[in-house]
Amino acid sequence: MNLRSVLAGAWTRIALASCAALLSAVPGQAQMTALVGGTVVDVTDGRSIPNAVVLVDGERITAVGSRSDVAVPAGAETVDMTGKWLTPGLMNMHVHLDLNLPGESHVYNETPDARALRMLDNAQKSLAVGVTTLRLTGATGGADFAVKQAIDSGVFPGPRIHTAGESIVPTGGHGRTEANGPYEFAKAVREQIKAGATWIKLGISGGISDVRGAIGASPFTDEELQTAIEVAHRNGVKVTGHTGSPVASKVAIEAGIDAFEHGYFFTPEVLDLMVENGTWYVPTIVVSQEGALEFYRKIGSPDWYLARQASVGKVHWQTLQNAIAAGVNIALGSDQYPFEPNSGTNATVAEAELYRDAGMSDLEALQAATIEPARMLEVDDEVGLIAPGFYADIVAMDADPLADIGALRSIDFVMKGGEVFRSEP
Ligand SMILES: [Zn+2]
């Protein structure tokens with residue numbers, strides 16, 4: 001889908017909405033939609049309601065139940081969901097809409113305006129595969145705030161965006177904004193929050209894409225890490241750490257960090273501390289596994305990058321298995337674009353399938369893609385469930401995801417906030 005078709009689609013929807021408003025101009029009565037005849041999956045306990053009705057009034061769900069219990073009001077627009085399974089929209093918690101990796105396809109000298117347009121296009125492609133909420137874990141130059149604003153205000157369709165703004169690191173670290181010493185970290189954190197960040201992302205270890213330095217490096221001083229986390233928390237903002245270092249992870253947990261990204265390597269001690277402290281883990285397992293190779297080849301990744309990816313892959317997989325067995329809180333994140341082709345599907349679905357392969361049940365993998373991220377973001381009273389009062393963020397697919405999480409591959413209907421963004425017969 002290109003930007004032009006999305007724009008055309010947006011205008012068509014606006015035009016149709018205005019006509020519908022004129023035709024049914026009953027004061028105080030918003031347009032109602034009824035999704036009828038599908039099987040609604042309750043992701044809290046894995047029960048499902050066959051032959052169900054989901055009533056949507058404006059942005060929100062007003063009723064969910066079996067067809068015999070929930071009447072479809074006269075005048076409601078009905079969408080036939082016979083043969084479909086309905087789940088909450090997917091949530092991808094580790095996304096860079098402005099991804100720009102080493103290799104032939106690296107974008108040089110991209111202006112902030114061009115970047116914003118690229119990010120908006122990528123946001124809409126993410127929504128099209130069923131990702132109705134995403135969290136940005138490190139963007140560049142503030143374009144993320146502009147894209148979020150444009151979507152939230154209804155100017156453009158797109159997923160709900162939570163963003164950490166620019167990631168903050170010690171000079172030479174794995175991230176964008178550099179700081180040194182506790183005072184500079186305090187300032188850097190405050191600046192991102194002032195710009196609109198609702199998370200803070202710290203690069204507490206090295207990364208796969210770093211030209212120099214080890215992934216296991218732990219470049220923050222304890223005082224810098226403690227200050228950055230304290231200042232964020234004093235502003236009511238949660239903190240996540242990019243980590244491949246058990247040393248940095250341990251210090252960060254003791255300083256009260258809320259989440260970790262990648263976790264290429266967690267020792268049993270760190271995993272125990274994470275369980276004890278309720279620390280979230282966003283694995284991004286797809287980036288270190290074979291399914292990502294087609295992407296790395298496509299962008300012309302250099303040999304050193306591919307070698308690093310392969311060597312990290314084995315220990316990353318073992319860490320994921322250990323984290324699942326230990327009962328760590330896990331929220332799905334892909335690091336790749338949510339829609340990036342991977343293993344015959346997209347990176348979001350491939351990530352969920354790998355959780356199942358690493359030890360989760362199909363229900364747990366579905367929870368990691370829906371209700372668990374909602375809990376991590378503390379928006380679990382609004383998204384992540386198909387229930388009355390929640391935003392109508394709903395996807396539909398051709399098979400039962402509780403029998404096989406791979407059913408997410410067949411998503412062909414996407415509704416966000418009561419608006420149908422994608423609907424294929
Ligand atoms: Zn990342």
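So how tilted is helix 268-277 from the main axis of the chain? Cα-based, degrees 0 to 90, rounded to 10.
Rounded to the nearest ten degrees, it is 50.
Over all directions, average the projected area of the Cα convex hull of the range 43-107 and note it in nm². Intermediate results must be reported in sequence, preceding the final value.
On the way: hull surface 32.9 nm².
One quarter of the hull surface, i.e. the mean projection, equals 8.2 nm².
Can you work out D for the range 267-397 in µm² s⁻¹ from Stokes-Einstein, where Rh is the Kirkwood radius over C-alpha pairs, the temperature is 4 °C and the viscosity is 1.567 mPa s?
Working: Rh = 15.8 Å.
Calculated translational D: 82 µm²/s.
What translational D, rounded to a whole number of µm²/s, comes out for the range 89-219 from Stokes-Einstein when the hydrodynamic radius is the Kirkwood one over Cα pairs, at 20 °C and 1.002 mPa s? Mind dumping the intermediate values first?
Values: Rh = 15.4 Å.
Using the Kirkwood radius from Cα pairs, D works out to 139 µm²/s.
Quick one: net charge around residue 424, please, counting Lys, Arg +1 and Asp, Glu -1 for every other residue with C-beta under 12 Å from its C-beta.
Taking every other residue near residue 424 into account, the sum is 0.
Amide H of residue 78: which non-local residues (sequence gap of 5 or more, or other chain) have their own amide H closer than 5 Å, using H built in the peptide plane?
Residues meeting the criterion, in which the H sits 1.01 Å from N, are 34.
Projected onto the charge dipole of the chain (+1 at Lys/Arg Cβ, -1 at Asp/Glu Cβ, origin at the Cα centre), which of 44, 282, 270 gives the Cα projection farthest towards the positive end?
282
Please arrange 411, 151, 61 by counting, for each residue, the other beta carbons lying within 10 Å of its beta carbon, fewest first.
Values: 411 27, 151 20, 61 23.
Ascending Cβ contact count within 10 Å gives the list 151, 61, 411.
Peptides 371-377, 242-248, 324-330, 172-178: what's the order by average Cβ count within 10 Å, highest mean first?
242-248, 371-377, 172-178, 324-330
Students often forget the sequence filter, so: which lysines lie under 29 Å Cα-Cα from residue 194 once same-chain residues fewer than 8 apart are removed?
Cross-link targets: 125, 148, 238, 250, 416.
For the charge dipole of the range 257-367, defined by +1 on Lys and Arg C-beta atoms and -1 on Asp and Glu C-beta atoms about the Cα centroid, which residue among 327, 347, 301 has the Cα displaced farthest towards the positive pole?
Selected residue: 301.
How many nm is it between the label spots at residue 250 and residue 404, if each spot is 7 Å from the Cα in line with the beta carbon?
Each label point lies 7 Å from its Cα, and together they span 4.4 nm.
Under unit Cβ charges (Lys, Arg +1; Asp, Glu -1), what dipole magnitude, rounded to 20 debye, does the range 297-425 have relative to its Cα centre? Working shown, then result.
Working: 9 positive and 20 negative charges, 124 e Å.
I would put it at about 600 debye.
Where a Cα-Cα gap under 20 Å defines reach, which aspartates and glutamates qualify for residue 314, not counting those fewer than 8 residues away within the same chain?
Partners found: 210, 261, 269, 290, 294, 303, 335, 351, 353, 357.
If I fit a long axis through the Cα atoms of helix 303-326 and take the longest principal axis of the Cα atoms of the chain, what angle between them do I get, 0 to 90°, rounded to 10?
Roughly 70 degrees, rounded to the nearest 10.
Can you give the % of DSSP beta bridges in the chain that are antiparallel, to the nearest 5? Walk me through the intermediate numbers first.
Details: 28 of 60 bridges.
If I count the DSSP bridges inside the chain, around 45 percent turn out antiparallel.
Would you compute, from DSSP H runs of 4+ residues alone, the mean residue ellipticity of the chain at 222 nm, taking -39500 (n - 2.57) per run and dividing by the full residue count, rounded to the nearest 500? Write out the running numbers ahead of the final one.
On the way: 12 runs with 150 residues, N = 425.
Using -39500 (n - 2.57) per qualifying helix, the result is -11000 deg cm²/dmol.
One-quarter of the Cα convex hull surface for the chain, in nm²? Don't jump to the answer; show the numbers that get you there.
Values: hull surface 79.3 nm².
Spelled out: convex hull of the Cα atoms, projected over all directions, averaged, 19.8 nm².
Quick check: the angle from helix 3-23's long axis to the longest principal axis of the chain, C-alpha only, nearest 10 degrees?
40 degrees
A short reminder: the numbers here are calculations on the coordinates, not readings from a lab. Note that the structure is a prediction, hence the values are computed from the model and not measured. Backbone-built Cβ (ideal geometry, glycine too); neighbour counts: all protein chains shown.
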